[in-house]
Amino acid sequence: MKSIHMACDHAGIELKETLRAHLEKMGYTVTDHGTHSKESCDYPVFAHALCHAVEAEGVPGILICGTGIGMSIAANRHKGIRAALCTTELHARFTRLHNNANVLCLGARVTGVELALAIVDTFLSTGFEGGRHQRRIDLLNA
Ligand code: RB5
């Protein structure tokens, strides 16, 4: 069974629901760390909740806010997280191949639904290349 974690702030809730339905259709078990309403909220709270789960379980995560920037800043404070804000499929492909990113960040006010779906599919279907890229990842926490 494939598992994935998702979280968003108020700006990302509609995109999260769309992506969640898509992921469930693909056979993923989705754990949703909120937020669950459009009421204004603080993105770091949701980023940290998701990152603790991703670090503990070793499965991927998706974070969504208005730009994706706040979520990526918050997520990358976690030692075990390599969060990538992606606005193109190329970003998604290479952040998996080269950075072994384990959290995808999206900006719901920046990236349209169709592109977001394609970015998610690319992120989840691309593997890490390893080799020299593993050495570089090791240096991140050195
Ligand atoms: C909320 O208005 C907005 O600041 C937030 O969603 C995000 O874009 C922050 O980086």
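As a footprinting exposure proxy, order Arg82, Arg77 by other Cβ within 10 Å, with the fewest listed first.
So the residues, fewest neighbours to most, are Arg77, Arg82.
Springs between alpha-carbon atoms under 10 Å, Gaussian network over the chain: tell me which of Leu124, Leu115, Leu19 tops the mean-square fluctuations.
In this elastic network of the chain, the residue with the biggest mean-square fluctuation among Leu124, Leu115, Leu19 is Leu115.
Residues in the range 88-110 near a label at Thr126, defined as backbone nitrogen under 20 Å from the 7 Å Cα→Cβ point?
Under 20 Å, as judged by backbone N against the label point of Thr126, lie 88-108, 110 of the range 88-110.
Once you sort the root eigenvalues of the Cα gyration tensor of the range 65-126 as a ≥ b ≥ c, which label holds: rounded (a/c under 1.5), prolate (a/b larger than b/c) or oblate (the other case)?
oblate
What percent does the relative contact order of the range 52-142 come to when contacts are Cα pairs within less than 8 Å and at least six residues apart?
It comes to 31 percent, rounded to a whole number.
Through the Karplus equation 6.51 cos²θ - 1.76 cosθ + 1.60, θ set to phi - 60°, convert the phi angles of the range 130-142 into ³J(HN,Hα) values in whole Hz; use x for Gly and Pro.
x, x, 4, 6, 5, 4, 5, 5, 4, 6, 4, 9, 6
With each pseudo-label sitting 7 Å past Cα toward Cβ, what's the Glu24-Arg93 distance in nm, one decimal?
If labels sit at Glu24 and Arg93, their model points lie 3.1 nm apart.
To the nearest 20 debye, what is the magnitude of the charge dipole of the chain about its Cα centre, counting +1 on the Cβ of each Lys and Arg and -1 on the Cβ of each Asp and Glu?
480
What's the extension gain from Glu39 to Arg77 if we count 0.36 nm per residue and subtract their Cα-Cα distance?
Values: separation 38, 0.36 × 38 = 13.68 nm, distance 2.54 nm.
Value of the extension gain: 11.1 nm.
Treating the angle as unsigned and between 0 and 90°, give the value, to the nearest 10°, between the Cα long axis of helix 43-57 and the longest Cα principal axis of the chain.
Approximately 50 degrees, to the nearest 10.
With the Cα gyration tensor of the range 10-82 giving a ≥ b ≥ c as the square roots of its eigenvalues, does the rule (a/c under 1.5 for rounded; else a/b larger than b/c for prolate; else oblate) give rounded, prolate or oblate?
oblate
Taking other Cβ within 10 Å of each residue's Cβ, how do Glu24, Glu114 sort, fewest first?
Glu114, Glu24
Of Met6, Ile137, Gly68, which is farthest along the charge dipole of the chain in the positive direction, counting Lys and Arg as +1 and Asp and Glu as -1 at C-beta?
Ile137
Can you spot the aspartates and glutamates whose alpha carbon is less than 17 Å from Lys2's alpha carbon? Ignore those fewer than 8 places along the same chain.
Once the sequence-local aspartates and glutamates are set aside, what remains near Lys2 is Glu24, Asp32, Glu55, Glu57, Asp121.
From the square roots a ≥ b ≥ c of the eigenvalues of the alpha-carbon gyration tensor of the range 1-131, which class results: rounded (a/c under 1.5), prolate (a/b over b/c), or oblate?
Values: a/c = 1.35, a/b = 1.23, b/c = 1.10.
Rounded.
Mind checking the full-extension length gain between Glu114 and Glu14? Use 0.36 nm per residue of separation minus the Cα-Cα distance, one decimal, nm.
Numbers: separation 100, 0.36 × 100 = 36.00 nm, distance 1.32 nm.
Extending this stretch completely gives an extra 34.7 nm.
Taken together, the values in this text are just the output of simple stated rules run on the coordinates, not laboratory data. This one's a predicted model, so the numbers in the text were calculated from it and none came from an experiment. Positions of Cβ are generated from backbone atoms using ideal geometry, with glycine treated the same way; all protein chains shown enter the neighbour counts.
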